[in-house]
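Since the structure comes first, as structure tokens, the remarks are kept for the end.
The values are calculated or read from the model by the stated rules, or taken from the named source; none is laboratory data. All of these numbers come straight from a predicted model, not from anything done at the bench. Ideal geometry is used to build each Cβ from the backbone, glycine not excepted, and the neighbour counts take in all protein chains shown.
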Amino acid sequence: MTTLSYQEIERFLQGNPLFKELPPHALAEIARKVTPQHFPPETHLVRRGEEGHSAFILYRGRVRVPLVDDQGHLRLVILLKEGDILGEMALITGEPRVADAIAEEETDALVIRREIFEEIFHRYPSVARFLTSLLAHRISEGQHHIGKYRVVKGHMRGGTSFIFQGIHPGLNRAVAIKMLSHALSMDSEFVRRLQKEAYIIAALKHPNIVEVYDTEWALGTFFIIMEFLEGTPLDILIDRQGRLSPAQCRSILLQLASALGYAHRCGIVHRDIKPANINIEPNGRVKLMDFGIACTAGQAQREMGCFGTPAYMSPDQILSDNIDGRSDIYTLGILCYKMLTGHVPFADEDPQKIIRAHIRRQVPPPATHFPDIPEDLNEFVLRATRKKPGERFQSMEEVLHFLGGRGEEISLSAPWRVANLTLLFDPTLETVVREIVQNLRQEVEKYPAIRLGIAEIDV
């Protein structure tokens, strides 16, 4: 390999997604610590089954990675090129290498030793987040098990996690497998609290709360095994419709109030109610998800940290040492505002400005934007979002009484739009077309609100 200066290595690393968010001083430090290495054609960078001591960033050349099944039969060959990362999984998971990696041609790589890799991983959360994304793609590409659960379908991205569809092999039951970001799993105290809360949340049994079955520690991070849901996340439903009808909004509020009232009676405050954490099943039933940052009522914020989503955080969640169910009532009011108007009351690119607005500014009446909003829903928003907890509704039971019932599961679907795509091609290009269609199918699977139908017609 031609001798590279650390400045050349630094410039190369700047263009790599693994390091692009790092500050300049960090990149310069890493550039001095990686080791350039040359691999002639048909030499191994790594061997299947060996312990991983290094990760590689390909600087020049190509590397093939043959993937085999448990019987040693070749399933797939992956080709890696300049900028791709190799060998990081063994360093993250502590498990042996899962595949060979062989130079296809004259290949140069930057080698990151285990101790340097771990230092980078722990010091820079952006690196950990990128590696979680990379690991999610690796899991989707191959046949993987998370503990006893087999992954059968690719992933969807959450705020701090990835979600896979899996199967419990013994029960043959579909499950959702949520993988926590390595940026969070590096914090052992956070993981300890999360495990403790997962056990509490697993005991919650309510028709409007997603059931938690199990937890697993694997691949260097924490996994939560949950009920698998059909339907549409509320954020997608709002994006599709713009704003929800009063009947839709009322049904969702009542079902959420029922679920949260139950959780509060069990001593659990959710703390992160937002559209992305709410699923609407085809029959209209609402499912509240992601109690991952829930805390017990009265638990000190200094124990759990100030977690949440700025656009939906209550003033007491931001400021107080102790919170209770009235914090969730405030957030439910913000959620109602979003459903009725299509936007949140306080929005800004700077999260600190949003947080200050929740503390200092009154939430405006949603009817200011849309006079057709029913008076009781407008009043609900204003009362639920008062700054002092003592001036809000004092319980979810009060909310249910104010809104007039326990909530019915009504149809929440919106009209679907249809787009047609027709591919006319020479039969000699059939393989290429099938690859295009397969790539499209994989992209569509990331979006639950999109359905793809494929038909082949000879003309």
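Data for the structure
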{"quantity": "Subset of the range 23-55 (residues that are closer than 14 Å to Arg113 by Cα and aromatic (Phe, Trp, Tyr))", "calculated": "none"}
{"quantity": "Residue check for Arg129: touching a residue at least 12 places away in the same chain (Cβ under 8 Å), surrounded by 14 or more Cβ atoms within 10 Å (Cβ to Cβ), among the charged types (D, E, K, R) and not assigned by TED's automatic domain parsing to the domain that holds Gln14", "calculated": "yes"}
{"quantity": "Residue match in the range 246-256 (condition: among the basic types (Lys, Arg), under 18 Å from the mean Cα position of the chain (by Cα) and buried (at least 17 other Cβ atoms within 10 Å of the Cβ))", "calculated": "no"}
{"quantity": "Residue match in the range 198-219 (condition: surrounded by fewer than 21 Cβ atoms within 10 Å (Cβ to Cβ), outside the structural domain of Leu253 (by TED's automatic domain parsing) and more than 27 Å from Ile273 (Cα to Cα))", "calculated": "yes"}
{"quantity": "Thr385 vs. criteria in the same structural domain as Ser258 (by TED's automatic domain parsing), surrounded by 15 or more Cβ atoms within 10 Å (Cβ to Cβ) and among the polar types (S, T, N, Q)", "calculated": "yes"}
{"quantity": "Hey, Ile252 at pLDDT 90 or above, out of contact with any strand residue (DSSP E or B) (no Cβ under 9 Å at 6 or more places or on another chain), in the same structural domain as Leu377 (by TED's automatic domain parsing) and not in a loop (DSSP other than H, G, I, E, B) or not", "calculated": "no"}
{"quantity": "The one condition in (1) among the β-branched types (Val, Ile, Thr); (2) modelled with pLDDT under 85; (3) surrounded by 15 or more Cβ atoms within 10 Å (Cβ to Cβ); (4) more than 26 Å from the chain's Cα centre (by Cα) that Ile92 fails to fulfil", "calculated": "(4)"}
{"quantity": "Selection count, the range 12-62, where residues are exposed (fewer than 15 other Cβ atoms within 10 Å of the Cβ) and among the polar types (S, T, N, Q)", "calculated": "3"}
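Residue-wise test of (1) modelled with pLDDT under 90; (2) touching a Lys or Arg at 6+ places or on another chain (Cβ under 8 Å).
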position: Gly166; (1), (2): no, yes
position: Ser181; (1), (2): yes, yes
position: Tyr199; (1), (2): yes, no
position: His206; (1), (2): no, no
